[in-house]
Amino acid sequence: MSNENQEFDDFYIDMKIDEVDPWGGDFHSVAPGQYVVEIVGVTRSTSAGKNTPQMTVTYEVKEPIGDRAEANAEEVGRTIKAWYNLENKKGSRQRIRALSDAALGANAWDKHGGLQSADLIGCQMVVEVFTNSWSQKDPVTQEEVVKSNTKVKNERPLDAANALRDDDDVKSVDAADADDAPKNSGRNGATTDRTPRRTRRPRDQQVT
């Protein structure tokens, strides 16, 4: 079929595609775990379902920490969005307070008990990412299908990252010592582990 008689509004797509790799459109959510993140975006909108005011915060993963740090190494650089309700209700106010305390420090609000969203940009903090799953009926097939989404919770100040790293260091050192420790024979030929209990070591490393 010829398109000679059809009007077409031609335009130039100026997006510097020579500087990027092709992407097929598949979406990868940030894996569950604990992360050091940086706030790279804050926008205000209205929730589609309840038509209530909300704030969307975009986090960029800087470092995986905690028990899943090694498994989540490839998550660095990925982003995850979190939605915070801006209704003047206690639960909503408590969530914003948690975000403010983690990002800006305690008592960072102004004399009216509020804060500027722009002040959050660039702040680093610790968050926990988890997957929320539920089942519902498919409207066409009427079969039960499992749905899921990724959420953010437990916002904490950046200092929490060092404590989590210390825990990982102690576990890894204890495990290595346990493997190398001599085994002493006990009663009836049983072996007993004489590995001394290791105390937590101080850590000077800070996140920059």
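The values are calculated or read from the model by the stated rules, or taken from the named source; none is laboratory data. Predicted model, so just to flag it, every value in this text is computed and none were measured. Neighbour counts run over all protein chains shown; Cβ positions are idealised from the backbone, glycine included.
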Query - Conditions (1) in contact (Cβ under 8 Å) with a residue 40 or more places away in the chain; (2) closer than 26 Å to residue 64 by Cβ; (3) small (Gly, Ala, Ser); number of the one not met by residue 117 - result: (2)
Report task. Check off (1) touching a strand residue (DSSP E or B) at 6+ places or on another chain (Cβ under 9 Å); (2) exposed (fewer than 15 other Cβ atoms within 10 Å of the Cβ) for residue 96 and give me the number that stays unchecked. Result -> (2)
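When the residues of region 7-44 are filtered to those that are loosely packed, with under 10 Cβ neighbours inside 10 Å and at positive phi, which remaining residue is modelled with the highest pLDDT? Show your work before the answer.
Narrowing region 7-44 to residues loosely packed, with under 10 Cβ neighbours inside 10 Å: 7-28.
From what is left, the residues that are at positive phi are 16, 25.
Numbers: 16: 82, 25: 61.
Across region 7-44, the extreme among qualifying residues is 16.
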Report task. Restricting attention to region 87-125, report how many residues are under 19 Å from residue 56 (Cβ atoms) and either assigned to a loop (DSSP other than H, G, I, E, B) or touching a Ser or Thr at 6+ places or on another chain (Cβ under 6 Å) (or both). Result -> 9
Query raised in the report: Here are some conditions: (1) within 25 Å of residue 118 (Cα to Cα); (2) in contact with a Leu (Cβ under 6 Å, 6 or more places away or on another chain). Residue 80 meets all but one. Which one does it not meet?
Result: (2)
Report summary line: Of the conditions (1) in a strand (DSSP E or B); (2) over 15 Å from residue 123 (Cβ atoms); (3) among the hydroxyl-bearing types (Ser, Thr, Tyr), the single one that residue 29 does not satisfy is (1)
Query raised in the report: Considering region 108-152 alone, what residues qualify as being surrounded by fewer than 10 Cβ atoms within 10 Å (Cβ to Cβ), on the phi < 0 side of the Ramachandran plot and more than 27 Å from the chain's Cα centre (by Cα)?
Result: 110, 111, 112, 138, 139, 140, 141, 143, 144
Report task. State whether one or more residues within region 188-203 are modelled with pLDDT of 90 or more and over 17 Å from the mean Cα position of the chain (by Cα). Result -> no
Query raised in the report: Is there any pair linking a residue in region 125-144 that is closer than 26 Å to residue 100 by Cβ to one that is surrounded by 15 or more Cβ atoms within 10 Å (Cβ to Cβ) and of a type in the set (Gly, Ala, Ser), with Cβ under 7 Å and at least six apart or on different chains, and which?
Result: 125/102; 125/103; 126/160; 126/161; 129/33
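Got a number for residues in region 73-86 being touching a helix residue (DSSP H, G or I) at 6+ places or on another chain (Cβ under 8 Å) and in a loop (DSSP other than H, G, I, E, B)?
Going residue by residue through region 73-86, those that are touching a helix residue (DSSP H, G or I) at 6+ places or on another chain (Cβ under 8 Å) are 84-86.
Adding the requirement that they be in a loop (DSSP other than H, G, I, E, B) leaves 86.
Within region 73-86, residues that are touching a helix residue (DSSP H, G or I) at 6+ places or on another chain (Cβ under 8 Å) and in a loop (DSSP other than H, G, I, E, B) number 1.
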Query - Residue list for region 45-72, restricted to those being buried (at least 19 other Cβ atoms within 10 Å of the Cβ), without any contact (Cβ under 8 Å) to a residue 60 or more places away in the chain and either in a loop (DSSP other than H, G, I, E, B) or of a type in the set (Val, Ile, Thr) (or both) - result: 61, 72
Query - Conditions (1) modelled with pLDDT of 80 or more; (2) within 30 Å of residue 44 (Cα to Cα); (3) of a type in the set (A, V, I, L, M, F, W, C): number failed by residue 207 - result: (1)
